[in-house]
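**Q** Mind having a look at this structure? Questions to follow.
The values are calculated or read from the model by the stated rules, or taken from the named source; none is laboratory data. In this text the structure is predicted, and so the values were computed from the model without any measurement. All Cβ positions, glycine included, derive from the backbone under ideal geometry; neighbour counts span all protein chains shown. We work out accessible area using only protein heavy atoms, side chains counted, and drop any ligands, DNA or RNA first. Shrake-Rupley method; radii C 1.70, N 1.55, O 1.52, S 1.80 Å.
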Amino acid sequence: MQYSFILNGKPVQVTAEEDANLLWSLRERLKLTGTKFGCGVSLCGSCTVHIDGKPVKSCITSLSQAEGKRVTTIEGLSEDRSHPLQLAWIEEQVPQCGYCQSGQIMQAAALLAENPNPNREEIIKHMNGVLCRCGTYLRILKAIEKTAQKV
Amino acid sequence: MEKQIESQGLSRRKFLKVGGGITFLVSAVGLPALVFKKGELAESKQISAWVHLASDGSVTIYNPASEMGQGTMTALAAIFAEEMDADWSKVKIEDAPVEPDIYGIGWGGERGGSMLTVGSRSVSAHYNNLRQSGAQARYVLLSALAEKWGVDRKELKTDSGVVFHPKSNKKITYGEIVEFVKIPGSVPEIPDSDLKNPKDFKLIGKDYQRYDVPFKVDGSAVYSGDIHVPGMVYAAIVRSPVNGTQPELKNESAIRGIKGVLNLVSLKHGIGVVANSMETALKAKSMMEITWKGDTKAKSHNSQDAYEEYEALSKSSKTGSIVAQAGDLNRELPKAQKTIQADYKNDYIYHAQMEPLNAVAHVKADSAEVWVGTQAADGTRNDVANHLGLDFKSVNLHTCYLGGGFGRRSMTDFVIEAVDISKAVNLPVKLQWTREDDLQYGAFRPISLQKLEAGIDQNGNINSWKHVVIGTGGGLLGSGADIPFYDIPNKLIEVRNIDHGVRTKHWRAVGHGPNKFAIETFVDEIALEQKKDPYQLRRELMKNHPRELAVLDKVAEMAKWGSPVPDGRARGIAFAERSGSLAAGVCEISVDRSTGKIKVHKIWGSLDGGVVVHPANAKYQMEGSLVMGLSSVLFESITFKEGQVEQSNFYDYPILRMEDAPEEIILEIIPSTEKPTGIGEAGLPFMGAIISNAFAALTGTRLRHMPFTPEKVLEVLSS
């Protein structure tokens, strides 16, 4: 089957089977590997991307659900790591192993796009679905709070 | 040296051209032809394999350890750059080639051990070696310049990649020296007196950013699952649910008939399916109907019954393996004025690194290429070579970032699987484990029962200490069981092991997690029994150990131990060492008595890690290990029923989410000039005890079985 959508601002076409999945299509067919596989069942958030600006877990999203939509991955959040959250992530030195951080940043970016000045409780509620095993949560919080103040 | 290079079929000219600068060793990245012959090693060890200096002044330092989030790729390069006096802003860091003779390190810091990245040892083991190697690189540059300028090398001064000759007022950059530098046949060992005075350090102990962070905010850091090789196919495996059982596929033709399935590969412990897409491989995997054959030891294992087996074994008069002993415990304990006893338990736990295991392998007729994030670079290469019957030089291992290791990625089982499948289908293969695979075919921190008994003398002092650790996992059980910093005249610490036939493995801090939980909770119990402050009791026990005492005092001061606690909250304190580092912690908790949920509001931690190369990252490692420790203490439990793991994904094996992170973590590092020690695990071992101790202070009841789930909390509260 042929799928067409806007990926990081550019139209793309993908040929894949009917049950193609968005995460594996991004990673294996389009070779955008910043979006990670973590649990496969929407419990960890490592695979978070945006569809029409809303955060979705790409691991449980079929490729057909992206048809005609705007999909944004970590690679498309900015061209040069210049999104305010990416800058804050660097300033706060957030990542350790880094594996979950694309998902963390994409989830946080969706929050700030909707609510530029969330309080701590709102941040935690919004971010709670994205797991980190290295224990970077407090710095993620700090990076989001700092960014929110600047935006 | 030129001769050596030529004799290996590569002219010096080509060497320079390929490298675009000077690499201080023949074994450079991108030059696989330049593999050492055994006879050359002795000589080549004398020069630096660690750096490539380009004429534009950029400096590439080779990272000898796996980067799994602990940040040592930056710290190790900083040690080298410090003594080379390189311009840090021009430093790039690349993984070293898999050459353990050069990049390996022994446990005592001797060159040429293994490249195994475990036990928080990277900085501590490499510290002297990298200072020496950095100083040697500087020596090579200065010697060449001295000859060129006709001056005494000792008259040359350096500052961040620039060399000055004060007498003649001349200066030159390291990059400019590349044009004329000669690689000497050998470089002398630089005496300690010629290494930098620590007061002149510009990097070690200072603030600088991690090298890997920018690549981890835009998705460009490469983990092994991100690798694409032309012609690559996808593989998934159904593995034995009970360790040791063997598969018999019932619906082979149906699986082979799935569109896109290319092949099936029988393995001893499972069946692999190879497909033209990841989706198809995973779908075919989920559709396999397999009967598992074989009566294995694991089949009789029910983990919640194991504690009774351990209790029975504890009554045996046969002593297990001794971890430590002093005085005459068996004589003195019966004479004690009073004895105090307690038992502690901990369930199996799972690594749960965020990146499920994966590897890319391409096995050819007489060679193999592998891409993997591993804690055991040379071990993996050797295992692959041995498995395929190849010389290890025929195995080209590309190291990648690790999406967490925590001990799991020092095993090579998943790489061997990828190799087996690639060999069977004669194609490059990406093998992906699902989260369920990663959990159910995990290798766990072992379950244990800890029996502690203390004898109190007529003066109220602890005179005897008996600690028996009973569990599975053999050598994994004993780490951290000794208490060398507590002066107790009679002690006997032993481990008794039962093999259940299930897979166990090092898990961040290994036995220190369960053992320090038991020890430090028991000390608290003794203090309460003796009506002593638990902080003061520890002070008494470690009064002859000034470094330990300073760490304990520091955390007590930070947390204002003894000051009033907000209503509904209480604090707990504990001390633990790990990998040579000393750490102490205090936490402040509250408990929801209706739900049984513990909330950890604040954690204070103090650390003595000797010379700390990268303090900001060291603190962050401690923070991370506290949070991971907290997760394990509150939530995590793997159980076996008839040898089968009962959990499968994050819904029944929850790990800590942001809502349960402490509100605040306050850490301090104690300044030290002692040799560096391992930091990456140091915060984890005391977590069980500080929470149990705070819980006891708050409720008057005691949690003695990790994890402290709401059910266990409610049970303890109602008892």
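**Q** Just checking the output field for B:221-227: average partner chain Cβ neighbours within 10 Å of each residue's Cβ?
**A** Shielding by partners across B:221-227 averages 4.
**Q** To continue, here is another question. Fully extended, how many nm does the chain gain between residue B:531 and residue B:324 (0.36 nm per residue separation, minus their Cα-Cα distance)?
**A** 71.7 nm
**Q** Between B:237, B:695, B:330, whose Cα lies farthest towards the positive end of the dipole of the protein assembly as shown when Lys and Arg beta carbons carry +1 and Asp and Glu beta carbons carry -1, centred on the Cα centre?
**A** Looking along the dipole axis, the top candidate is B:237.
**Q** Okay, moving on. Using per-residue counts of other Cβ atoms within 10 Å, averaged over each peptide, order B:696-709, B:189-202 from highest down.
**A** Ranked by mean Cβ neighbours within 10 Å, highest first: B:696-709, B:189-202.
**Q** Starting from a Cα-only point model with no solvent, please compute log10 I(q)/I(0) by Debye for segment B:216-285 at q = 0.13 1/Å.
**A** -0.46
**Q** Could I ask something else about it? Given a Förster radius of 56 Å and the C-beta distance between residue A:149 and residue B:94 as r, what FRET efficiency does 1/(1 + (r/R0)^6) yield to the nearest 0.05?
**A** Working: r = 37 Å, r/R0 = 0.66.
Result of the calculation: an efficiency of 0.90.
**Q** Could you name the lysines in cross-link range of residue B:560, using Cα to Cα under 16 Å and dropping any fewer than eight places away on the same chain?
**A** Candidates past the 8-residue exclusion: B:602.
**Q** Okay, moving on. Treating only the Cβ of Lys, Arg, Asp and Glu as charged (+1, +1, -1, -1), what charge dipole size does segment B:210-323 show about its Cα centre? Round to the nearest 20 debye.
**A** Using Cβ point charges on Lys, Arg, Asp and Glu, segment B:210-323 gives about 260 debye.
**Q** About its Cα centre, what dipole magnitude does segment B:587-719 give when the only charges are +1 on Lys and Arg Cβ and -1 on Asp and Glu Cβ, stated in debye to the nearest 20?
**A** So the magnitude is around 240 debye.
**Q** A follow-up question, please. Between residue B:200 and residue B:639, what is the label-point separation in nm under the 7 Å Cα-to-beta-carbon projection?
**A** In this crude label model, residue B:639 to residue B:200 measures out at 6.3 nm.
**Q** Sorted by packing (mean other beta-carbon atoms within 10 Å per residue), highest first, where do A:28-37, B:355-364, B:607-616, B:561-570 land?
**A** B:355-364, B:607-616, A:28-37, B:561-570
**Q** What is the distance, in nm, between label points placed 7 Å from the Cα along the Cα-to-Cβ direction at residue B:263 and at residue B:220?
**A** Each label point lies 7 Å from its Cα, and together they span 3.7 nm.
**Q** Classify chain B: rounded, prolate or oblate, from the alpha-carbon gyration tensor (a ≥ b ≥ c, eigenvalue square roots; a/c under 1.5 rounded; otherwise prolate if a/b is larger than b/c)?
**A** Oblate is the answer for chain B, as a/c is 1.5 or above yet b/c matches or exceeds a/b.
**Q** Same structure, new question: Carbon and sulfur together cover what percent of the accessible area of chain A at a 1.4 Å probe radius?
**A** 49
**Q** Given a cut-off of 26 Å, name the pairs among B:335/B:531; B:599/B:712; A:150/B:90 whose C-alpha atoms lie farther apart than that in the structure shown.
**A** Violating the 26 Å limit, Cα to Cα: A:150/B:90.
**Q** Here is a follow-up. Kindly work out what percent of the DSSP beta bridges joining two residues of the protein assembly as shown are antiparallel, to the nearest 5. Display every interim value, and only then the final one.
**A** On the way: 101 of 134 bridges.
The antiparallel proportion sits near 75 percent.
**Q** Also, quick follow-up: From other protein chains only, count the Cβ atoms within 10 Å of every residue's Cβ in B:62-71, then give the mean.
**A** Neighbouring Cβ atoms belonging to other protein chains average 2 per residue here.
**Q** I've got another one for you. When we measure straight from the Cα of residue B:364, which lysines land under 23 angstrom away, once same-chain ones fewer than 8 places off are left out?
**A** B:268, B:393, B:423, B:430
**Q** What residue among A:35, A:20, A:2 has its Cα farthest toward the positive end of the dipole of segment A:2-76, where the charges are +1 on Lys, Arg and -1 on Asp, Glu, each on the Cβ?
**A** Most positive-ward Cα: A:35.
**Q** May I pose another question? Using a Förster radius of 56 Å, what is the FRET efficiency between residue A:115 and residue B:149 based on their Cβ-Cβ separation? Nearest 0.05, please. If you can, show how the numbers build up before the last one.
**A** Details: r = 64 Å, r/R0 = 1.14.
E between residue A:115 and residue B:149, to the nearest 0.05, is 0.30.
**Q** Give, as ranges by residue number, the residues of segment B:499-536 whose backbone N falls under 20 Å from the point 7 Å along Cα→Cβ of residue B:646.
**A** Only B:500-504 fall inside the zone, counting backbone N under 20 Å.
**Q** Sort B:579-585, A:122-128 by the packing proxy (mean of other Cβ within 10 Å over each peptide's residues), most packed first.
**A** Averaged packing, sorted descending, gives the order B:579-585, A:122-128.
**Q** Under 18 Å Cα-Cα from residue B:154, which lysines qualify once same-chain neighbours fewer than 8 residues away are excluded?
**A** B:167, B:170, B:171, B:196
**Q** A follow-up question, please. List the accessible area buried at the contact between B and A, summed over both sides and calculated with a 1.4 Å probe, in Å² to the nearest 100.
**A** Buried area between the two chains comes out at roughly 4700 Å².
**Q** So with the 1.4 Å probe, I'd like the accessible area per residue for chain B, rounded to whole Å².
**A** Averaged over the residues of chain B, the accessible area is 37 Å².
**Q** Now for a separate question. Go ahead and run the numbers for FRET between residue A:78 and residue B:593, Cβ-Cβ distance against an R0 of 45 Å, rounding to 0.05.
**A** Working: r = 48 Å, r/R0 = 1.06.
So the FRET efficiency works out to roughly 0.40.
**Q** Can you find, among B:622, B:175, B:463, the residue farthest towards the positive end of the dipole of the protein assembly as shown? Put +1 on the C-beta of Lys and Arg, -1 on that of Asp and Glu.
**A** The listed residue farthest towards the positive side: B:175.
**Q** If you don't mind, there's one more thing I want to ask. Roughly how many Å is it from the Cα centre of segment B:355-372 to that of segment B:268-284, as a whole number?
**A** Measuring centre to centre over Cα atoms gives 16 Å.
**Q** Something else: To the nearest 20 debye, what is the magnitude of the charge dipole of segment B:509-643 about its Cα centre, counting +1 on the Cβ of each Lys and Arg and -1 on the Cβ of each Asp and Glu?
**A** So the dipole magnitude of segment B:509-643 works out to roughly 200 debye.
**Q** Take peptide B:628-637, look around each residue's Cβ out to 10 angstrom, count Cβ atoms belonging to other protein chains, and average those counts.
**A** 1
**Q** Let me ask something else about it. For the protein assembly as shown, build the convex hull from the C-alpha positions and give me its volume per residue in Å³.
**A** 180
**Q** Taking the solvent-accessible surface of protein heavy atoms with a 1.4 Å probe, what is the per residue accessible area of segment A:84-150 in Å²?
**A** Ligands and nucleic acids excluded, the result is 34 Å² per residue.
**Q** Counting DSSP beta bridges in chain B, what percent are antiparallel, to the nearest 5?
**A** 75
**Q** Give me the extension gain from residue B:664 to residue B:717: residue separation times 0.36 nm, minus the current Cα-Cα distance, reported in nm with one decimal.
**A** Here the answer is 16.4 nm.
**Q** Right, another one. At 4 °C and 1.567 mPa s, grab the translational diffusion coefficient of segment A:2-76 from Stokes-Einstein with a Kirkwood Rh over Cα pairs, rounded to a whole number in µm² per second. The partial results should precede the final answer.
**A** On the way: Rh = 11.9 Å.
Translational diffusion coefficient: 109 µm²/s.
**Q** What net charge is computed for the residues neighbouring residue B:506, neighbours being all others with C-beta under 9 Å from the C-beta of residue B:506, Lys and Arg scored +1, Asp and Glu -1?
**A** Local charge sum for residue B:506: +4.
**Q** Less than 13 Å Cβ to Cβ from residue B:602, Lys/Arg counted +1 and Asp/Glu -1: what total charge do the surrounding residues give?
**A** So the surrounding residues net to 0.
**Q** Principal axis lengths of segment B:311-452 from Cα atoms, whole Å, largest first?
**A** Taking the Cα atoms of segment B:311-452, the three principal extents are 72, 32, 26 Å.
**Q** Could you work out the local net charge near residue B:280, counting Lys and Arg as +1, Asp and Glu as -1, over the other residues with Cβ closer than 14 Å to its Cβ?
**A** Counting the neighbours of residue B:280, the net charge comes to +1.
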